[in-house]
Amino acid sequence: MLRWLTAGESHGPELLAILEGLPAGVPLSLDDLRTDLARRKLGHGRGARMKFEQDELTLSAGVRHGVTMGSPIGIRIGNTEWPKWVEVMSPEPVDPAVFDTGRGAKLTRPRPGHADLIGMQKHGFDDARPVLERASARETAARVALGAIAKRFLAELGITTLSHTLAIGTVRVPDDAPLPAYADLAAIDADPVRVFDAETSAAAVALIDEVRKSGDTLGGVTEVLVWGLPPGIGSYVQWDRRLDARLAKALMSVQAIKGVEVGDGFETTRRPGTAAHDPLYVRDGSIVRSSDRAGGIEGGMATGTVLRVRAGMKPIATVPKALHTVDVATGQDAAAHHQRSDVCAVPASGVVVEAMVALTIADSILEKFGGDSVAETKRNIESYLESIPPLLRTSHVSVSESELQAGPVDETPMGDSLSEWRV
Ligand SMILES: Cc1cc2nc3c(=O)[nH]c(=O)nc-3n(C[C@H](O)[C@H](O)[C@H](O)COP(=O)(O)O)c2cc1C
Ligand SMILES: C=C(O[C@@H]1CC(C(=O)O)=C[C@@H](OP(=O)(O)O)[C@H]1O)C(=O)O
């Protein structure tokens, strides 16, 4: 079992994270984590803080000479903004005058859509500061660092993960646009909004600029793709073992994510059964699917084809054209608290969602295959794949109906396709 926790406030000294249960023998460098931390800060529409705050990374435990040891991994990400917040966020009591003006002034005009008001009710605060400090998506830096480790482990098993932006506000990648391949990751990261379609990207950038000028904010949709999964991780036998349920929980836990779809998701509900599923055929010695509508999960288990999940993010709640609220210090109508903030963080949310998918998949892999070293996990996967009876073996690549019809009559004996697996 893999487990992980984070701690830390948005303007505190640092974020902390612990990852426990990762096998020994996973090669891991600080640069693996730094690369993903840098990806999370990018995206047209991010606020000023992304430009001046650095993520000061330390790997404090669990890694020796560039390889995991099987012990808990400890991560520290220093907030370089901390010197400005030492008094406001001090763990020791400070002069109460700090709370009269400036940074320390009490926040009593809760932002609709953020955690401010309910957090104050729940914890008995007369100031939204302690709420927003932890509700803030600054915490996602810690999750992305954890996810980078999970991805490194998965890469050792031949499993690769990619995220990309599908929609920003009303601008959306056309339904018939081709899916990106893992090789397209660098191009996606180089795009200002992480969209794998030049026309859609330009339209999304223009929309963000327009919305920024009008003092508004935007949400959107991201998609994560995972290649190389062994079939059968997850389970149909109990609600909390289902892979789709675990992914939905992981994705919904990301700040501002309001919806999750697996495969064609809600679109599937509008189709008849004959056009909603992925029919099976025999091709080149194994069972192939003629489409990928299910997104690589059937009955709560990975099918072994590409996994495809989507996360929908609501628009940023700190709207510059401030929303109507109430000043809870006076009981009067007011405009919601607003300082700097992101206009659109959908590209960054994709990197966060990708991290949560990687952690969830790594956990499911370890649940089925175990292993105290990555070599042991690998062996267990290989022997499981070997044990699948020839007539039950499936291909991890789908082939379209038209290709299947055009193709030659298949003479390959069933079960000869195991070499396709990249473990
Ligand atoms: C990467 C990322 C960046 C975000 N940046 C901001 C921001 O600058 N301002 C803001 O008000 N909300 C921002 N949010 C969203 C808030 O964290 C979120 O709206 C808040 O936690 C309440 O949403 P919830 O109801 O889903 O928890 C961001 C979210 C993510 C994932
Ligand atoms: C700091 C990060 O995101 C922050 C997430 C966030 C929020 O309310 O979620 C609000 C903003 O913080 P601030 O109000 O201090 O400008 C973002 O900058 C980050 O992603 O590293």
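The values are calculated or read from the model by the stated rules, or taken from the named source; none is laboratory data. Just so it is clear, the model here is predicted, and its values are computed rather than measured. Glycine gets a Cβ as well: all are built from the backbone with ideal geometry, and neighbour counts include every protein chain shown. The area values use the complete protein model at the heavy-atom level, side chains included, leaving out ligands, DNA and RNA. Shrake-Rupley method; radii C 1.70, N 1.55, O 1.52, S 1.80 Å.
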### Message
Could you tell me how far the Cα centroid of region 73-100 sits from the Cα centroid of region 234-279, in Å?
### Response
40
### Query
Within a Cβ distance under 11 Å of ARG310, other residues only, what is the Lys/Arg minus Asp/Glu net charge?
-3
### Span from the region 114-170 Cα centroid across to the region 338-376 one, whole angstrom
10
### Query
Counting Lys +1, Arg +1, Asp -1, Glu -1, what net charge surrounds PRO192 among other residues with beta carbon under 12 Å of its beta carbon?
-1
### Query
Considering only protein heavy atoms, what per residue accessible area in square angstrom results for region 3-377 with a 1.4 angstrom probe?
43
## Note on the structure
With every protein chain kept in place and a 1.4 Å probe, the residues TYR182, TYR236, TYR384, TYR281 fall, from largest accessible area down, as TYR236, TYR182, TYR281, TYR384
#### Entry: Cα lying deepest toward the dipole's positive end in region 3-377, options ALA187, ALA358, ALA276, charges on Cβ
ALA276
### Summary
Which of ASP333, ASP116, ASP191 fluctuates most in a GNM of the chain (C-alpha springs under 10 Å)? That residue is ASP333
### Task
May I ask you to derive the relative contact order of the chain, considering only C-alpha pairs under 8 Å and at least 6 residues apart, and to give it as an integer percent?
22
### Task
Along Cα→Cβ, 7 Å out, is where each label goes; now give me the distance between the ones at VAL98 and LYS314 in nm to one decimal.
3.2
### Summary
Of the accessible area of the chain, computed with a 1.4 Å probe and all protein chains kept, carbon and sulfur make up a percent value of 56
### Query
Which order do LEU42, LEU391 take by accessible area at a 1.4 Å probe, largest first?
LEU391, LEU42
### Query
What angle, in degrees between 0 and 90 and rounded to the nearest 10, separates the Cα long axis of helix 30-41 from the longest principal axis of the Cα atoms of the chain?
70
### Projected label distance in nm at LEU179 and GLU376, using a 7 Å step from Cα toward the beta-carbon
3.3
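Over region 1-118, what is the mean sequence separation of C-alpha contacts under 8 Å (at least six apart), divided by residue count, expressed as relative contact order in percent?
28
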### Query
Nearest 10 degrees, 0 to 90: what angle lies between the long axis of helix 374-387 and the longest principal axis of the chain (Cα atoms)?
40
### Query
Could you work out the helix-only [θ] at 222 nm for the chain, with each DSSP H run of four or more residues adding -39,500 (n - 2.57) and the total divided by the number of residues, to the nearest 500 deg cm²/dmol?
-9000 deg cm²/dmol
### Summary
Taking Cα atoms, the helix 198-213 axis meets the longest principal axis of the chain at an angle in degrees (rounded to 10) of 10
### Query
Using the beta-carbon distance between ALA329 and ALA38 and R0 = 51 Å, what value does 1/(1 + (r/R0)^6) give for FRET efficiency, to the nearest 0.05?
0.80
